[in-house]
Amino acid sequence: GTVMALRGVRKTYRLGAHVVPALQGVDLDVRAGELLALTGPSGSGKSTILNLCGLIDSPDEGQVLLHGQAVDARQVLASTLLRRDTIGFVFQSFNLVPVMTVAENVDYPLFLAGVPAAQRRERVAEALAQVGLSEHAAHRPDALSGGQRQRVAMARALVKRPSLVIADEPTASLDSHTAEQVLGLMRSLAHEAGAAFLIATHDERLTRRCDRVISLLDGRIVPATAATPAALAH
Ligand code: ADP
Ligand code: ADP
């Protein structure tokens with residue numbers, strides 16, 4: 001089914017008298033279990049889409065639908081709970097807390113959500129096993145490689161079993177071998193856990209292995225035939 005959908009979405013930023021159209025009528029479906037790549041030049045609207053799908057921001061016009069249910073702007077303002085339960089986030093720079101161990105980093109979203117300690121221990125162990133980092137539970141992030149750090153970030157994004165993971169350039173700071181491992185991990189997590197991954201990226205290594213690629217230009221989706229030659233070739 002469709003986890004997250006945008007319908008006729010428009011978004012304009014205003015900087016004083018300056019009006020910046022960021023999205024000019026976007027329709028998008030993110031389906032369960034898929035890796036969906038969002039590409040396009042800087043300023044084309046990728047981050048704006050991630051913010052809307054992450055329920056961090058609301059459109060000026062059009063609808064955002066989570067599991068087919070329209071989310072309204074007031075809900076977004078008060079949506080910490082909603083977001084926490086159904087959406088995980090992964091960033092280019094990993095955003096791990098350096099003074100916390102790997103396990104504490106992964107545990108943090110559960111701690112914030114008030115999940116009981118026994119259940120948290122079990123879920124953290126399971127998430128670390130999923131990303132192959134059980135042996136590093138007690139280490140600090142600075143003792144890990146870039147790929148391992150991104151896998152910690154992924155375990156943290158997945159520990160609450162979200163139906164959607166939003167990833168902003170998750171492989172941009174990784175070498176090719178490591179990027180490949182992280183991609184393989186996302187694929188298996190998507191297919192096993194059924195989570196959808198919405199990934200903003202410029203990384204060819206990543207886009208050519210995603211299930212679908214959507215290209216943006218000037219706040220609009222470029223029609224599919226022109227958008228996916230790379231995906232079709234593989
Ligand atoms: P991308 O992620 O593809 O680089 P963005 O969604 O960040 O694109 O930006 C789309 C457009 O909206 C750009 O013209 C950008 O300058 C503008 N924009 C994004 N965020 C803001 C903001 N907070 N204030 C003003 N303009 C913004
Ligand atoms: P709040 O605004 O109430 O803190 P957030 O949007 O920050 O809610 O948290 C929602 C989820 O997104 C959290 O479970 C957390 O794992 C993740 N998250 C948010 N910000 C970051 C960040 N900077 N680094 C890593 N994960 C983050």
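The values are calculated or read from the model by the stated rules, or taken from the named source; none is laboratory data. Note that this is a predicted model, so its numbers are computed, not measured. Positions of Cβ are backbone-derived with ideal geometry, glycine not excepted, and every protein chain shown enters the neighbour counts.
Of all residues in the range 125-133, none satisfies being touching a residue at least 40 places away in the same chain (Cβ under 8 Å), over 29 Å from Thr2 (Cα atoms) and surrounded by 14 or more Cβ atoms within 10 Å (Cβ to Cβ). Residues that are without any contact (Cβ under 8 Å) to a residue 12 or more places away in the chain, within 18 Å of Ala153 (Cα to Cα) and within 12 Å of ligand 2 (Cβ to nearest atom) within the range 108-122 comprise just one, Phe111. The residues on offer are Arg31, Arg74, Arg7, and the sole one that is farther than 24 Å from Ala193 by Cβ and at pLDDT 95 or above is Arg7.
Taking the range 25-53 as the region of interest, how many residues are within 21 Å of Ala190 (Cα to Cα), within 13 Å of ligand 1 (Cβ to nearest atom) and surrounded by fewer than 21 Cβ atoms within 10 Å (Cβ to Cβ)? Summing the residues that are within 21 Å of Ala190 (Cα to Cα), within 13 Å of ligand 1 (Cβ to nearest atom) and surrounded by fewer than 21 Cβ atoms within 10 Å (Cβ to Cβ) in the range 25-53 gives 2. Looking at Arg74, Arg7, just one residue is charged (D, E, K, R) and in a helix (DSSP H, G or I), and that residue is Arg74.
Looking at this structure, is Ser93 polar (S, T, N, Q) and either in contact with a strand residue (DSSP E or B) (Cβ under 8 Å, 6 or more places away or on another chain) or part of a helix (DSSP H, G or I) (or both)? No, not satisfied.
Would you please name the residue that is surrounded by the most Cβ atoms within 10 Å (Cβ to Cβ), looking only at residues in the range 1-24 that are near ligand 1 (Cβ under 9 Å from one of its atoms) and not β-branched (Val, Ile, Thr)? Steps first, please.
So in the range 1-24, the residues near ligand 1 (Cβ under 9 Å from one of its atoms) come out as 11-15, 18, 20-23.
Subsequent filtering for residues that are not β-branched (Val, Ile, Thr) retains 11, 13-15, 18, 21-23.
Working: Lys11: 22, Tyr13: 12, Arg14: 8, Leu15: 7, His18: 7, Pro21: 15, Ala22: 24, Leu23: 27.
It comes out as Leu23.
Selection of the range 23-52 for residues being among the aliphatic types (A, V, I, L, M) and either under 22 Å from Arg208 (Cβ atoms) or assigned to a loop (DSSP other than H, G, I, E, B) (or both) yields Leu28, Val30, Ala32, Leu35, Leu36, Ala37, Leu38, Ile49, Leu50. Residue count for the range 168-198, restricted to those that are touching a Leu at 6+ places or on another chain (Cβ under 7 Å) and outside any helix (DSSP H, G or I): 6.
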